[in-house]
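Reviewing the structure listed below.
Throughout, read-outs are computed from the coordinates displayed, never taken from laboratory work. If you're wondering where the values come from, they're calculated on a predicted model, not measured in any experiment. Cβ coordinates were reconstructed from backbone atoms using ideal geometry, including for glycine residues, and neighbour counts include every protein chain displayed.
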Amino acid sequence: MKEIEIPVLVVGAGPAGLAATALLARYGIQTLAITRYPGTANSPRAHITNQRTIEVMRDLGIEDRVRAQATPNALMLNNVWATSFAGKELARLQAWGGGDRRRADYDQASPCGMCNIPQHLLEPIILAAAREQGAQFLFNTELKTISQDADGVTAEMVDTISGEEIRVRARYAVGADGGNSLVAKQLGFEFDGEMGLGAAISCWLEVDLTPYVQHRPGVLYWMAEPGNSYWFGSGTFVCVRPWNEWIMLSMYDKSRGEPDLSEDAIVARARAVIGVPDIAVKVKSANKWQINHIAARDMGKGRVFLAGDAAHRHPPANGLGTNTSIQDGFNLAWKLALVLKGQAGPGLLETYSQERQPVARGVVDRAMKSVNDMKAIADAIGFTPGQSAQEGWANLDELFSDSVRGRERRAQLDAAVALQNYQFNCHGVELGQMYASSAIVPDGSVRRAAERDRELYYQATTFPGASLPHAWVEHERRRISTLDLAGHGRFALLAGRSDQVWRAAAAQAGSALGIDIPVYSIGAGCEVQDIYGDWARLREVSESGCLLVRPDRHVAWRKHAAPDQRQAAAELLDALQAILGRQAHAGHGARVAAEAGAF
Ligand code: FDA
């Protein structure tokens, strides 16, 4: 049996495994990822890629590569409900922050725009980035058993081509092995929720829909054909490449048997949904999948951590599948890196589950609620299971009639479409993840109340646990985001006018802990120019205060005003020790600072 020793083993090379591997490699950790498949995703699958995920790509230095392959935000604008592409349009919603009413919210929240990049195009980009950083991959390699002891993880796998058996011994492992996670099963992870709540087929098609979409560009077209007993089943078209590559996604009722996936059947169905009987359609592939609503109770057990679908499985609504999977890795990778480098205690790793499990639970529940909320549209349109096509069309005639009932029903449809903002413009859910754990040090303040609906609207804050707010600033004659000052596997200290206090404090704490803490002063006339005054409005601390930002760009600690230099150093050291799981008792920093006699 071949034996391999490696600091981190990642099981799975989907979005979760690839992102974790690329980030670990970038942070200097030798990592081996395995996948039982011969390559990355062979079909489009997930596609909506939100701003937080693009921020991770920015951290990896591959944002431009992703953008080059993606459908830009401007072309994601319209969500359309219609009887068919060529048929009657029923409703339209401006989506994914592209609409006039939401664009500013999205633009102000992040330097990165949301985009649409299907999984089979995104995965090779992350794979290439991981390899450039030295990560190793074994394709065609299937995990068979995994176990752990006090010192490490042992995984046995087999090369599915040669049959060679391989035993890997790792200090830590990441189970990113998808919805049927063997890692989760063998290590006894527990889940809450239900699997198999619905069945779906995704058919990848080449078909030119330019005449039907160019005047209403978007990436999701919901086709509801009157008389279709499973109304949702008519077919949702997901843009793969504008406007000639698509996924036709259809729900089906398993109790009525499995659908016919022959090429002829798929082409016939596609033509019916498009509403053009002779349109040229090429079928590239067809996959069945199911709707789940399940989340792990814990995302870590000893030396093994779950990421992606291995930990949370939910419907595609809100487009949170791949996004959440990639963001798991962004939370975990720096923690593993610091622990493996001896710069943090193992307690830091417990914060992964403390922080990500509530996010996973929230995402799973939000996605399921969004699926259920879609029924409001079916109700408003007047489509019910079992009705004939004639009844369905009669309902539509009434909906669009100049009558009291027509007006009432149109108001109902407007409300049903507005409800879909919780799926298609759900900015607070997309960006507003707030962490609470021992890797976040409270400052004694109370979180500012939400000014608008917390799910629909993201509210930037530097409250400890929040993601660092974005503001455009200028550094060395370059316009950059405040987000660019943080990340890259390091803590950063963002200060203002009193940066000398914080520079000395960071040097002292950094040398005591063996970590590098870059300090930036932001403000008018500072090293980083607050060109539009936006940072002053966002930072929520005074000019003399500071923010300590973690490598995943979440605020770990903040100080509203600078104390004297000795106290600043002591408080920063205390905060870092707590965050890193190193002698985390209050007052220790003061003693170290005094003993070091640095001030
Ligand atoms: P993913 O399933 O992508 O990857 C798992 C990895 O683990 C693979 O590399 C696999 O080889 C590996 N693996 C598993 N068992 C192994 C073993 N025993 N040994 C070795 N390797 C093993 N989501 C969404 O948000 N919008 C959407 O439209 C869709 N559509 C969609 C369609 C279809 C057909 C599918 C199958 C899924 C979707 N999804 C989706 C879900 C989305 O694809 C999903 O959330 C992400 O792929 C999750 O990424 P992971 O990396 O966690 O798992």
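Placing unit charges on the Cβ atoms only, positive for Lys and Arg and negative for Asp and Glu, gives the chain a dipole magnitude near 600 debye about its Cα centre. Dipole of the chain computed with +1 at Lys/Arg Cβ and -1 at Asp/Glu Cβ about the Cα centre; of Ala128, Val304, Leu547, farthest Cα towards the positive end is Leu547. Taking the three principal axes of the alpha carbon atoms in the range 88-136, the coordinate ranges are 49, 33, 8 Å, sorted in descending order. Nearest 10 degrees, 0 to 90: what angle lies between the long axis of helix 321-340 and the longest principal axis of the chain (Cα atoms)? Once rounded, the angle reads 20 degrees. When each of the peptides 48-59, 66-77, 355-366, 115-126 is scored by how many other beta carbons lie within 10 Å of its residues on average, the order from highest to lowest is 48-59, 115-126, 355-366, 66-77. As a rough guide to protection, the peptides 278-291, 373-386 ranked by mean Cβ packing within 10 Å, highest first, stand as 373-386, 278-291. Would you mind pulling out the separation of the Cα centroids of the range 525-581 and the range 204-271, in Å? First find each Cα centre; the distance between them is then 51 Å. Among beta bridges from DSSP that stay inside the chain, the antiparallel ones total about 70%. In the chain, the longest principal axis of the Cα atoms and the axis of helix 119-132 are about 20 degrees apart.
The Cα atoms of the range 9-138 give a gyration tensor whose axes a ≥ b ≥ c have a/c of 1.5 or more with a/b no greater than b/c, which makes the shape oblate. Hey, what's the Kirkwood Rh for the chain if you take every pair of different alpha carbons, in angstrom? Kirkwood radius, the chain: 25.6 Å. Packing-based ranking of 309-316, 449-456, 537-544 yields 309-316, 537-544, 449-456, ordered from highest to lowest mean Cβ neighbour count within 10 Å. Here the sum of -39500 (n - 2.57) over DSSP H runs of 4 or more residues, divided by the residues of the chain, equals -10500 deg cm²/dmol at 222 nm, to the nearest 500. Seen against the Cα atoms of the chain and their longest principal axis, helix 565-580 is set at about 50 degrees.
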